[in-house]
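Presented below is the structure to which this report refers.
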Amino acid sequence: MPDMDGFREATNFGIGQASQCSDFHVKGASNLSWGMKDRLSRIFNPKTGKAVLLAFDHGFIMGPTSGLERIDLNIVPLVQYADCLMCTRGILQSSIPANVNKPICLRSDAGTTILTELNRNVLIDVEDAIRYNASAMAVMFAAGDGEQEAITAANLTEAVDLGNRYGIPVMGVTAVGKQMARDARYFALASRVCAETGASIVKTYYCEGFEKVVAACPVPIVIAGGKKLPEKEAIELCYKAVNDGAAGVDMGRNVFQSENPTAMIQAVHAVVHEGLTPEQGMEMFNDLSK
Ligand code: R5P
């Protein structure tokens, strides 16, 4: 029992002041549970509402792609500049030191490799995601793929059900169906379906009319970088996406395949969180590359 000696009477009740229940900084998350919000707050900076996720989950479909040959040499030095790490459990367990203290967006599905057409997609055990202390689980949704749309929608639904049970947000990863045009109409549909299914974050691609994609999606959108671009174009892409309402980036190849990945991730971080213009971002990249 606490010692009652020296007990001070409580007096500071703020009578007459409305209870300060500030809105949560992550779009669409105000009604989520405390645990969900805590995990989202580890990913999205409460001061800026934005996030830079470093994506290096490519190996699960591509194998040791360029820039990911040696996670210990290529990725671990970049980890300190990322807000969150997106990777598979195999790479997390084998190659990322557990004391880096970064939230993990765990790639939680597995499918076919680039050697074949997408034909199967399965979820990992949610208890394993918990064991890895995942702050989010990333699961693909292949909108417009006749074979895989329903299977990936079912997987996303199951992931959300499991995530809701344990307070783990799910990121819906929009995979682009081969027959689909990469336009705002398509990305708006794919993103919205992810959110309607219960995803708390959506990863999609930047496109013309992106502001409509963001407006129609009730949860935060982060953009994938896509294939390697010249640094100037990749930095412009980040700027335009954030300017049009993205809550950040989930970027891989444009960071780890950059001529200077350490400078690139810092420039991207500054564009996303500090609102640097593309010119300022490029200047930062060049300065850090000297
Ligand atoms: C795609 O499904 C992969 O999960 C990547 O994480 C994603 O595409 C982001 O990487 P990148 O910026 O290289 O496109």
Sequence gap at least 6, Cα distance under 8 Å: using those rules, report the relative contact order of the chain to the nearest whole percent. 16
Restricting attention to the stretch 121-190, which trypsin sites (Lys or Arg not before Pro) occupy a DSSP loop and are surrounded by at most 16 other Cβ atoms within 10 Å? K178, R182
Over the Cα atoms of the chain, how large are the radius of gyration and the largest Cα-Cα distance (Dmax), in Å? 20.2, 75
Taking D161, D250, D145 and counting other C-beta atoms within 10 Å, the order from fewest to most: D161, D145, D250
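All other residues with a Cβ under 13 Å from the Cβ of K240 taken together, and with Lys, Arg as +1 and Asp, Glu as -1, what is their net charge? Spell out each step's value before the answer.
Values: positive: K232; negative: E208, E211, E233, E236, D244.
Net of charged neighbours comes to -4.
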Label-point separation in nm, N31 to I61, each point 7 Å along Cα→Cβ: 3.2
Nearest 5 is fine: what % of DSSP beta bridges in the stretch 49-228 come out antiparallel, could you say? 15
Among S33, S95, what is the fewest-to-most ranking by other Cβ atoms within 10 Å? S33, S95
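A short reminder: the numbers here are calculations on the coordinates, not readings from a lab. What you are looking at is a predicted structure, and each value in this text was computed from that prediction instead of being measured. Heads up, the Cβs are rebuilt from the backbone with ideal geometry, glycines too, and the neighbour counts pull from every protein chain shown.
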